[in-house]
Amino acid sequence: MQCLLLTLGVALVCGVPAMDIPQTQQDLELPKLAGTWYSMAMATNNISLMATLKAPLRVHVTSLWPTPEDNLEIVLHRWENNSCVEKKVLGEKTENPKKFKINYTVANEATLLDTDYDNFLFLCLKDTTTPIQSMMCQYLARVLVEDDEIMQGFIRAFRPLPRHLWYLLDLKQMEELCRF
C-alpha cells in the first residue's frame, strides 16, 4: 500500500485542461447522504491545494446535510489561525443531480463521484472557472476505519488520467488535531 501511495504521489509536471473524472451512473438518493463522514484520503492535481495544513483545500468533510430544496450543506473543518475551525458550504443543485454549485475559496463545484451510502463516498471539489482546473477529491467513510478495497476503488477512479497529474494524501494516521 505504501509503494502504491508513493507511486501516485509523484511531482506535478504540467497543468491539466478541463477534465472529467468518471462517475457511476446510479441515481443519487440525496437523503441517504445525511450524517457524519470521515476524510480517509485526498487526491489532487495541484499539490499547493493541500501541501500544508493551511492549504486552501486541506479540509476534512465531517458531515453532509440535504436541504428541503435538494441542495446540500457540506460541513467541513480546516486549520486556520492555529486552530481547527468549522465551515459550512452550501451546494446549490444543478441540472446534474451529482453536481452542486458552491462558493468556497478556490472551488466552485462539488461533485459526488460514487457512493454506497453506508460505507463510502467519493467527493470532489474543483474550480471550473480557469483553463487549468484545480481539483481535490476525498474518500469519505462512515466509520474511521480504512477499507483497502474502497481505497483501491478511490485510486481506480483516477486511473484514466495521467499518473503524474495526481498526488494522494492518506489521512488515516494524520491530522488528528482537525477531526471531529
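The values are calculated or read from the model by the stated rules, or taken from the named source; none is laboratory data. Note that the structure is predicted; figures quoted are calculated from it, not measured. Quick reminder, even Gly has a Cβ in these numbers, built from the backbone with ideal geometry, and neighbours come from all protein chains shown. Areas reflect the complete protein model, heavy atoms only, side chains present, ligands, DNA and RNA absent. Shrake-Rupley method; radii C 1.70, N 1.55, O 1.52, S 1.80 Å.
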Scan of segment 47-91 for residues that are open to solvent by 40 Å² or more (accessible area, probe 1.4 Å) and polar (S, T, N, Q), ordered by number
Ser48, Thr52, Asn81, Asn82, Ser83
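Could you tell me which residue of segment 122-161 is farthest from Gly35 (Cα to Cα), considering only residues that are of a type outside the set (D, E, K, R), free of Cβ contacts under 8 Å to residues at least 12 places away in the same chain and part of a loop (DSSP other than H, G, I, E, B)?
So the first thing to find is which residues in segment 122-161 are of a type outside the set (D, E, K, R), and the list is 122-125, 128-141, 143-145, 150-155, 157-158, 160-161.
Now narrow it down to the ones that are free of Cβ contacts under 8 Å to residues at least 12 places away in the same chain: 130, 145, 152.
Going one step further and asking which of them are part of a loop (DSSP other than H, G, I, E, B), we end up with 130, 145.
On the way: Thr130: 32, Val145: 17 Å.
That would be Thr130.
Being in contact with a helix residue (DSSP H, G or I) (Cβ under 9 Å, 6 or more places away or on another chain) and among the small types (Gly, Ala, Ser) narrows it down to one residue among Ala110, Ala51, Ala43; which is it? Let's see the steps before the verdict.
Working: Ala110 fails: in contact with a helix residue (DSSP H, G or I) (Cβ under 9 Å, 6 or more places away or on another chain); Ala51 fails: in contact with a helix residue (DSSP H, G or I) (Cβ under 9 Å, 6 or more places away or on another chain).
Exactly one of Ala110, Ala51, Ala43 is in contact with a helix residue (DSSP H, G or I) (Cβ under 9 Å, 6 or more places away or on another chain) and among the small types (Gly, Ala, Ser), namely Ala43.
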If Phe154 passes every condition in (1) surrounded by 13 or more Cβ atoms within 10 Å (Cβ to Cβ); (2) at pLDDT 85 or above; (3) under 17 Å from Ser63 (Cα atoms) but one, which one does it miss?
(3)
Test for Ala107: is it under 18 Å from Met135 (Cα atoms) and crowded, with 17+ Cβ neighbours inside 10 Å:
yes
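Evaluate segment 57-64: report whether one residue or more is at pLDDT 95 or above and either in contact with a Ser or Thr (Cβ under 6 Å, 6 or more places away or on another chain) or among the polar types (S, T, N, Q) (or both). Walk me through it before giving the result.
At the first step, the residues of segment 57-64 found to be at pLDDT 95 or above are 63-64.
Still in the running and either in contact with a Ser or Thr (Cβ under 6 Å, 6 or more places away or on another chain) or among the polar types (S, T, N, Q) (or both): 63.
The answer is yes, given that some residue of segment 57-64 is at pLDDT 95 or above and either in contact with a Ser or Thr (Cβ under 6 Å, 6 or more places away or on another chain) or among the polar types (S, T, N, Q) (or both).
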